[in-house]
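Peer 1: My questions will all concern the structure given below.
The values are calculated or read from the model by the stated rules, or taken from the named source; none is laboratory data. On a predicted model such as this, the values are computed, not experimentally measured, just so you know. Cβ coordinates were reconstructed from backbone atoms using ideal geometry, including for glycine residues, and neighbour counts include every protein chain displayed. These area figures cover heavy atoms from the full protein model, side chains too; ligands, DNA and RNA do not enter into them. Shrake-Rupley method; radii C 1.70, N 1.55, O 1.52, S 1.80 Å.
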Amino acid sequence: KVVSSVAIPGQSEPVRKLAIPAGMSEPAALAALRLELPNVHFGPNHVYHIRPANDDKTAAVPAARTDESEAGNPNCNGPQCAAQQLIHWRPSLQQCASRVRVGIIDTSFDVTHPAFQTLKFKPDNFIGAAKPATNDWHGTAVLSVLAGASQSPTPGLVPEAYYLLASAFAADTAGNAAADAMSVLRALAWLDKEKVDIV
């Protein structure tokens with residue numbers, strides 16, 4: 001039984017989500033489908049999880065570099081600048097992003113955060129009526145790495161880009177953020193329609 005479908009750009013047929021008959025295992029269902037329709041691709045509807053890290057496994061943040069010619073952004077100092085320093089980021093590279101359309105598929109995004117005062121964005125929701133996860137912070141954290149205003153406490157790499165924000169992770173049974181392959185495909189189809197340059 002088809003329970004949902006997603007139209008995929010460039011494909012003549014949509015991707016369909018099928019329900020497994022009662023009493024049949026997933027491997028048995030896949031084997032039966034492959035036997036019945038050998039020229040059609042079938043696979044499980046994978047679920048992707050974002051789980052909070054254990055408190056005892058926090059990583060140390062690299063110390064700030066002092067050689068400004070190598071360190072990247074001399075105006076950014078402290079642990080919040082570690083990512084920029086690790087990749088030798090230079091502020092001049094931000095100018096290249098002013099017309100770039102960046103798509104992010106994640107949890108929801110708190111665009112009211114002070115780091116996003118200059119954010120240019122368009123959001124969409126792919127979790128439907130599902131509830132967001134209790135610790136729904138991951139999307140905001142990822143967005144800040146890219147789009148945090150230069151003068152904010154969380155400066156991003158390319159704050160001048162235009163962001164298409166696809167919320168695709170809802171709460172799983174344990175309350176953690178999770179997205180199935182169909183939600184991710186819906187988000188990707190939307191980003192393709194919006195003509196993003198980078199996902």
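Peer 1: Quick check, is R65 in contact with a helix residue (DSSP H, G or I) (Cβ under 7 Å, 6 or more places away or on another chain), open to solvent by 60 Å² or more (accessible area, probe 1.4 Å) and modelled with pLDDT under 80?
Peer 2: So R65 passes the test.
Peer 1: Checking A161 against (1) at pLDDT 90 or above; (2) among the small types (G, A, S); (3) at positive phi, which single condition isn't satisfied?
Peer 2: (3)
Peer 1: Filter segment 185-199 for residues that are of a type in the set (A, V, I, L, M) and part of a loop (DSSP other than H, G, I, E, B) and give the result.
Peer 2: V196, V199
Peer 1: Quick one: in segment 1-53, of everything that is part of a loop (DSSP other than H, G, I, E, B) and among the hydroxyl-bearing types (S, T, Y), which residue is least open to solvent (accessible area, probe 1.4 Å)? Lay out the reasoning, then the answer.
Peer 2: Of the residues in segment 1-53, the ones part of a loop (DSSP other than H, G, I, E, B) are 1, 7-14, 19-25, 37-46, 51-53.
Pick out the ones that are also among the hydroxyl-bearing types (S, T, Y) and you get 12, 25.
Details: S12: 115, S25: 62 Å².
Filtering segment 1-53 for residues that are part of a loop (DSSP other than H, G, I, E, B) and among the hydroxyl-bearing types (S, T, Y), the one least open to solvent (accessible area, probe 1.4 Å) comes out as S25.
Peer 1: Moving to a separate point now. Kindly indicate whether K131 is under 21 Å from K195 (Cβ atoms), touching a residue at least 24 places away in the same chain (Cβ under 8 Å) and either open to solvent by 70 Å² or more (accessible area, probe 1.4 Å) or in contact with a Cys (Cβ under 8 Å, 6 or more places away or on another chain) (or both).
Peer 2: no
Peer 1: May I ask you to list pairs of residues, at least six apart or on different chains, whose Cβ atoms are under 6 Å apart, with the first in segment 166-192 being under 16 Å from G139 (Cα atoms) and the second being part of a helix (DSSP H, G or I) and open to solvent by less than 40 Å² (accessible area, probe 1.4 Å)?
Peer 2: A166/A187; A168/S183; A168/V184; A168/A187
Peer 1: Can I ask one more? Would you call A166 within 22 Å of G78 (Cβ to Cβ) and buried (at least 19 other Cβ atoms within 10 Å of the Cβ)?
Peer 2: Numbers: within 22 Å of G78 (Cβ to Cβ): no; buried (at least 19 other Cβ atoms within 10 Å of the Cβ): yes.
No.
Peer 1: Which count do you get for residues in segment 165-199 that are among the acidic types (D, E) and within 26 Å of S98 (Cα to Cα)?
Peer 2: Summing the residues that are among the acidic types (D, E) and within 26 Å of S98 (Cα to Cα) in segment 165-199 gives 3.
Peer 1: Return the residues of segment 142-163 that are touching a residue at least 60 places away in the same chain (Cβ under 8 Å), of a type in the set (G, A, S) and surrounded by fewer than 19 Cβ atoms within 10 Å (Cβ to Cβ); say none if nothing qualifies.
Peer 2: Hit for segment 142-163 is S150, nothing else.
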